Structure formats: C-alpha cells, structure tokens
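Engineer: I am attaching a structure below and will ask some questions about it afterwards.
The values are calculated or read from the model by the stated rules, or taken from the named source; none is laboratory data. All of these numbers come straight from a predicted model, not from anything done at the bench. FYI the Cβ positions are ideal-geometry reconstructions off the backbone, even for glycines, and counts take in every protein chain you see. Keep in mind that these areas ignore ligands, DNA and RNA; they rest on the heavy atoms of the full protein, side chains included. Shrake-Rupley method; radii C 1.70, N 1.55, O 1.52, S 1.80 Å.
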Amino acid sequence: MGKPTMRSGGTQSRSKDKSKSDPHEASTFLAALICLALGGISLHWDIAGVRDDRRLLAEGVHAQGVVTRTYVERHGTARYGSDETVASIIYSPSAGDEVAITHTVRNSPTEGLEDQEVTLFYNPADPSEAVVEEWRDEYDWMTVAAVLFLAGGGFALVVSTRSIIRGLIRRRRKPAEKPL
C-alpha cells in the first residue's frame, strides 16, 4: 500500500498534509481536558458523598425513624434519564421535636417501604443531616465511570500533547528557504 502508483507516465505518492492534523490535535487536547474535568468533578462528588455518609455512621447519633412515603424522582430527559426512589422519613432526635428528611433508597428493594422502621444516624448539631444505615452511599458505577473518564482523558492528554510538541519541533527544524 505504501508504494507509489504509476499514472500517466509519472509517479504519484500519497503525502501527508501536516497542516490538516493541527485542528485534530487541538480538538483532541480540548476533549482530553474536558474528560479530565468531568472525571475529576464526578469522582470528587462521589467520594464526598461516601465520606459524608461514613462520617455520619461513625460519629452520628443512632435513632429509629419511620418511612412515611416513597416516590420516584426522574433525573435527566425522558429518553436518557434515570429514576431514583426517594423515601420521606420522620424521626425524633434525642433533643426533642420530630424531624422530617428525605433519603434516596439504595441497595434495598423499594416495594413495601411505607410504615417500615429504619435505623439512621444523624448529626446532633444539624438533625436534618442524617443517613439511613441500609441506604448509605457506596462506591458504585459512578466511581468507575469517573475513573474511566480520568484515565481516558489522561491518555488523550499525553498523546495530544506529545503530538503537538513534535509538530512544534518539526516546524523549528525546517531549513530556511534560500533566496533566489
């Protein structure tokens, strides 16, 4: 395939036009930066949620609550969105009045939750900050997706940066044209 072809008495070879690859390198570099940003933000958000729940489980005050109702929230568009089951819970902290919270149902079947008693841990300084023990946030597919975004963005960043640097070096090494 790399051999020149004969046409009408002359040789013709395929030459690469380097000027056409410059926009491609820039768009790859930009895509890499976007992937790194999305991956970093997603991973930070996911880790923060898991840490908050673990902190409440370790340092929070134990209480019993009752699920008063459950409902489904739609996130995203009708075609590309996802449904999330949310439970409304009422509990009484040791300080007094009843507190109503909403909590996303994770790792549990969502059928028949109403009027069910749940174990939760809350922040005594802010009783509205609570986590249901069985529904705590864990590392899941979102963490994997964030890591894949970071890995893909890092790889694309290295490849595009290397390509851009090679192009700059080639331009500098080009001999100056001789005057006529």
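Engineer: Specify the residue that is least open to solvent (accessible area, probe 1.4 Å); the eligible residues are those in the stretch 87-139 that are within 20 Å of Ala48 (Cα to Cα) and without any contact (Cβ under 8 Å) to a residue 12 or more places away in the chain.
Structural biologist: The residue in question is Asp126.
Engineer: Condition (residue is in contact with a Lys or Arg (Cβ under 7 Å, 6 or more places away or on another chain) and open to solvent by 90 Å² or more (accessible area, probe 1.4 Å)) applied to the stretch 69-85: is it met by at least one residue?
Structural biologist: Step one: list which residues in the stretch 69-85 are in contact with a Lys or Arg (Cβ under 7 Å, 6 or more places away or on another chain), which gives 81, 83.
Going one step further and asking which of them are open to solvent by 90 Å² or more (accessible area, probe 1.4 Å), we end up with 83.
Yes, the stretch 69-85 contains at least one residue that is in contact with a Lys or Arg (Cβ under 7 Å, 6 or more places away or on another chain) and open to solvent by 90 Å² or more (accessible area, probe 1.4 Å).
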